[in-house]
Amino acid sequence: MADAATFPAHPTTAHGSMARPTVQAPPLTPGKVAIWLFLATEIMFFTGLIGTYIVLRAGSPPTGYSNLYPPATDLTYVLPTKPEGLKTYAWPKPYDDSTNPLSIDLTAVNTFILICSSVTMVLGLSAFQRDQKRKGALYTTATALIGAVFLGVQVFEYRQLMFVHHYPIGVSASGHFTPDVSLFASCFFTMTGFHGAHVAGGVIAMSLLAIRSWFGAYSSTNYNSVEIVGLYWHFVDLVWIILFTVVYLI
């Protein structure tokens with residue numbers, strides 16, 4: 001019987017040193033399954049929210065908003081008299097100061113800020129995967145700070161809308177844009193408020209990652225938590241791009 005082929009117990013390199021076995025992270029973990037299931041429910045939630053907004057907007061009457069009367073004013077007896085300069089709309093138009101108080105320019109800058117946080121999130125995860133712990137900690141901290149800046153700008157916008165600025169009567173009878181002044185206002189604060197709450201949750205999670213990363217918690221063999229939070233963060237960023245387009249630009 002021919003002798004069986006024998007193999008060294010530990011493979012060696014060409015220089016005679018022992019080769020280190022490659023350790024590859026499992027492609028699917030319970031944490032990843034959980035975050036994907038969670039994101040599936042979030043997709044359904046925001047789809048329903050945006051769908052409701054579209055339905056309400058489509059059902060708004062052609063005279064729902066005007067430049068001379070408060071929102072939802074019954075213009076049945078006004079239109080026949082044809083008041084001078086009266087313009088009516090089914091929904092406030094972008095950049096129309098007489099009916100729409102939203103600052104598209106400010107929010108466009110804020111949107112760019114949030115997109116930048118997705119870039120730093122990717123760079124942070126990549127750094128941990130290459131065992132560049134300090135760089136990963138820096139990028140993770142930057143992501144948390146950028147997210148906090150986004151929230152700060154949103155709070156500033158809310159304050160301007162609700163308390164500081166005095167808007168024309170076509171925006172609000174009270175002069176302030178609060179959730180109760182019109183259907184458009186209710187939709188705006190509901191949609192952006194829910195998204196802001198999601199960003200706040202993401203900032204808290206990212207801050208915890210940043211704190212742990214400075215103590216060397218993540219490396220090329222332990223970055224699953226960073227990846228999971230990153231998936232959530234990218235989802236929140238994507239939802240905001242859709243909301244910005246639907247609510248502010250269209």
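We did not get these values from a lab; they are worked out from the coordinates using the rules stated. All values derive from a computational prediction rather than experimental measurement. Positions of Cβ are generated from backbone atoms using ideal geometry, with glycine treated the same way; all protein chains shown enter the neighbour counts.
Counting only residues at least eight positions apart within a chain, or on another chain, the aspartates and glutamates with an alpha carbon under 19 Å from that of Lys133 are Glu227. Modelled spin-label separation between Arg212 and Phe112, with each label point placed 7 Å from Cα along the Cα-to-Cβ direction: 3.4 nm. Contact order for segment 101-163, expressed relative to its length and based on alpha carbon pairs under 8 Å spaced 6+ residues apart, stands at 38 percent.
Run lengths n ≥ 4 of DSSP H only: what is the helix-derived mean residue ellipticity at 222 nm for the chain, with -39500 (n - 2.57) per run over all residues, to the nearest 500?
Details: 5 runs with 133 residues, N = 250.
Taking each H run of at least 4 residues, the total per residue is -19000 deg cm²/dmol.
Per-residue extension of 0.36 nm, minus the Cα-Cα distance of Phe156 and Ala40, leaves a gain of 38.7 nm for this segment.
Using the Karplus relation 6.51 cos²θ - 1.76 cosθ + 1.60 with θ = phi - 60°, the per-residue 3J(HN,Hα) values for segment 97-109 come to 5, 6, 10, 10, x, 6, 8, 5, 4, 4, 6, 5, 5 Hz, with x marking Gly and Pro.
Using the Karplus relation 6.51 cos²θ - 1.76 cosθ + 1.60 with θ = phi - 60°, the per-residue 3J(HN,Hα) values for segment 145-154 come to 5, 5, x, 5, 4, 4, 5, x, 5, 5 Hz, with x marking Gly and Pro. When only Cα pairs below 8 angstrom with a gap of at least 6 residues are kept, segment 104-250 shows a relative contact order of 33 percent. For the pair Ala173 and Leu56, label points projected 7 Å from Cα toward Cβ lie 1.9 nm apart. Across the chain the C-alpha pair distances fall into 5 Å bins from zero in the proportions 1, 6, 11, 13, 13, 11, 9, 8, 6, 5, 4, 3, 2, 2, 2, 1, 1, 1, 1, 0, 0, 0, 0 percent.
Using the alpha carbons of segment 99-230, what is the convex hull volume per residue in cubic angstrom, as a whole number? Can you show the working numbers first?
Numbers: hull volume 11.7 nm³, N = 132.
Here the figure is 88 Å³ per residue.
Listed values for segment 229-244 are Karplus-derived 3J(HN,Hα) couplings in whole Hz (6.51 cos²θ - 1.76 cosθ + 1.60, θ = phi - 60°), namely 5, x, 4, 5, 5, 5, 5, 4, 5, 5, 4, 5, 4, 5, 4, 4, and x replaces Gly and Pro.
Diffusion of segment 85-177 by Stokes-Einstein, at 37 °C in a medium of 0.692 mPa s and with Rh set to the Kirkwood radius over alpha-carbon pairs, works out to 209 µm²/s. A Förster radius of 41 Å, combined with the Cβ-Cβ distance separating Thr190 from Asn222, puts the computed FRET efficiency at roughly 0.55. Computed from the C-beta positions of Ser103 and Leu249, the FRET efficiency with R₀ = 22 Å rounds to 0.95.
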